[in-house]
Amino acid sequence: MNPSTIIGMFASTVLLVSVLFFTAESPHSFMNLPGLAIVLAGTMASTFISYPLKEVLRVVRLVGLVFRRENTYTRDDIKELVDISRLWFKGDVRAVEEALEHARNPFLRTGIQLVIANTKEDEIFDLLRWRIARLKAREHAEAQIFRTMATYAPAFGMIGTLVGLVNMLEVMESGELHVIGPRMAVALLTTFYGILLANLVFKPIAVKLERRTEERLIAMNMVLEGISLITKRRLPSFIEETLNSFVANYHDEIRDPVMNGRAAREAGKGQNA
């Protein structure tokens, strides 16, 4: 399970429970199944109208990615690239082909196979960059579906509110004033459901998928750089150091906070002296 998703779900549950039990006379005051049905059915209907069926069904299956931690196996890819670079540097093509049989990354495998086939360097990079661009476009479109749903949900919440207000006006005309308050509450709940689903479900899923795409693109560019260095027959040690820089954690690329602290202390001592 993804810990950030668990924390978010727990925090949202606490928020909703607090709203239901501490701000309302009865928890049932926030229950309006017809209003919820309007928001959900309307959002799904508009989504199916906006996108092809296969894209919507594929995106529904991606919701599970939000709840689990996905490993990009970047360290494994670095190790495989470095091992392959050592074999390629020695000119042992047969050993490189055997190593590729155990490679789990198809992007890496395709690039090395093109290197073995003596494909031109520019053609290798064009093909691999095209695959990176294709993955980026596909996964951006998947996340965009959830952003579209986040736009539709509040709109259908407003539609439910308008329907509730029309019903309330009919009650006012009949003179039954004691039911105006409950009808008004029901009308406003649909807007509540729409905003809640948009900001607590659809948008967070979209952001999570976009962040996943960013991590996958970093991993693919790292593999691309490794293949580029292999084609140039750089030393395996240099390739390893270069690839490790892709996964190194630097809190600040511009300033080192430790060194800044030391400089501040030394400056203070100089002033005291």
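The values are calculated or read from the model by the stated rules, or taken from the named source; none is laboratory data. Just so it is clear, the model here is predicted, and its values are computed rather than measured. FYI the Cβ positions are ideal-geometry reconstructions off the backbone, even for glycines, and counts take in every protein chain you see. Ligands, DNA and RNA are stripped out before the accessible areas are found, and what is left, the full protein with its side chains, is counted by its heavy atoms. Shrake-Rupley method; radii C 1.70, N 1.55, O 1.52, S 1.80 Å.
State whether region 98-231 is rounded, prolate or oblate according to the following rule on the C-alpha gyration tensor (a ≥ b ≥ c being the square roots of its eigenvalues): a/c under 1.5 gives rounded; otherwise a/b larger than b/c gives prolate, and the remaining case gives oblate. It is prolate, given that a/c is not under 1.5 and a/b is the larger ratio.
Note on residue 152: accessible area is roughly 60 Å² with a 1.4 Å probe, heavy atoms of protein only. Solvent exposure of region 48-161, expressed per residue, is 59 Å² of accessible area, with all protein chains present and a 1.4 angstrom probe.
For the set 168, 184, solvent exposure ranked by accessible area (probe 1.4 Å, protein chains only) runs largest to smallest as 184, 168.
Peptides 54-60, 32-38 ranked from most to least packed by the mean count of surrounding Cβ atoms within 10 Å: 32-38, 54-60. Counting Lys and Arg as +1 and Asp and Glu as -1 over every other residue whose Cβ lies under 12 Å from the Cβ of residue 96, the net charge comes to -2. Among the protein heavy atoms of region 1-115, carbon and sulfur supply 65% of the accessible surface, probe 1.4 Å, non-protein parts ignored. Heavy-atom surface analysis with a 1.4 Å probe gives region 140-250 a carbon and sulfur content of 63 percent of its accessible area. Among rounded, prolate and oblate, which fits region 1-115 when a ≥ b ≥ c are the square roots of the eigenvalues of its C-alpha gyration tensor, a/c under 1.5 means rounded, and a/b larger than b/c means prolate? Judged from the Cα gyration tensor, region 1-115 comes out oblate (a/c at least 1.5, b/c at or above a/b). The 1.4 Å probe gives accessible areas that order 215, 139, 210, largest first, as 215, 210, 139.
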